[in-house]
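The values are calculated or read from the model by the stated rules, or taken from the named source; none is laboratory data. Everything numeric here is computed off the predicted structure, so don't read it as measured data. Cβ placement follows ideal geometry from the backbone for every residue including glycine, while neighbour counts extend to all protein chains displayed.
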Amino acid sequence: MIDIIIPTCKPANKVSGLVKEITATAGVDFKIIPTCFNVSASTNRNYGLNQSISEIVIMIDDDICGLFSGWAGKLIQPLFLDKDIVMISARLMKSKNKLGVMMNITVDLSNEIVEVPERMLPSACIAFRKSELRFDEAYIGAGFEDTDFCMQMRNKYPNGKFLIHNGVPVIHKNEMKNQLLGGRLLHNKQYFESKWFANENSKSN
């Protein structure tokens with residue numbers, strides 16, 4: 001049984017379409033956890049994690065669509081085959097035939113599954129090993145909380161692998177909800193940099 005978390009600030013009726021799409025296509029035994037609280041992305045993500053009981057979880061944003069039959073089973077399979085894999089992302093698409101934005105990761109379509117040297121992944125559609133780690137709720141709205149979580153994972157698993165599964169393409173509308181209001185994204189960027197790189201900057205000065 002795999003828990004599939006939908007961290008969303010939308011009410012349940014607004015994500016019912018995605019729930020139905022997941023139910024029809026997942027291809028694994030699963031429980032869906034839509035969070036549906038009008039709070040930050042971090043708080044919604046943590047609520048989902050706290051409700052989850054599976055060792056491996058999928059986290060999928062509410063603006064994902066275009067799921068194909070068996071996508072969830074295919075996404076999580078590498079985690080069961082290699083204990084060093086800590087996180088794997090679906091291949092995000094703008095449309096069926098156009099690649100989507102995945103941070104600043106260089107596009108590599110050379111293999112079905114590729115390792116990301118930066119060990120950093122966007123969180124729109126990911127599977128990962130659950131642990132005591134949680135998303136930092138000091139981030140307001142949305143933005144950078146997923147990058148921060150990857151940094152935590154990198155520290156916990158220094159030899160861990162971060163992968164992109166090109167064989168699991170999903171469409172990401174990239175709505176960026178709660179990111180651009182009231183300078184939230186800038187605040188989160190500054191908080192992220194001060195949290196993770198303040199010591200490096202002080203040494204360079």
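What to note about this one:
- Within the range 1-25, considering residues that are aliphatic (A, V, I, L, M) and more than 16 Å from residue 128 (Cα to Cα), the one surrounded by the fewest Cβ atoms within 10 Å (Cβ to Cβ): 24
- Enumeration of residues in the range 63-75 that are at negative phi and either surrounded by fewer than 22 Cβ atoms within 10 Å (Cβ to Cβ) or within 12 Å of the chain's Cα centre (by Cα) (or both): 63, 64, 65, 68, 69, 73, 74
- Of all residues in the range 77-136 being polar (S, T, N, Q) and in a strand (DSSP E or B), the one that is surrounded by the fewest Cβ atoms within 10 Å (Cβ to Cβ): 104
- Residue within the range 44-62 that is surrounded by fewer than 13 Cβ atoms within 10 Å (Cβ to Cβ) and either of a type in the set (A, V, I, L, M) or touching a helix residue (DSSP H, G or I) at 6+ places or on another chain (Cβ under 6 Å) (or both) present: yes
- Every condition in (1) of a type in the set (D, E, K, R); (2) at pLDDT 95 or above; (3) surrounded by fewer than 15 Cβ atoms within 10 Å (Cβ to Cβ); (4) in contact with an Asp or Glu (Cβ under 6 Å, 6 or more places away or on another chain) holds for residue 175 except the one numbered (2).
- Considered as a group, the residues in the range 66-76 that are touching a strand residue (DSSP E or B) at 6+ places or on another chain (Cβ under 7 Å) and in a loop (DSSP other than H, G, I, E, B) include one that is nearest to residue 26 (Cα to Cα), and that residue is 67.
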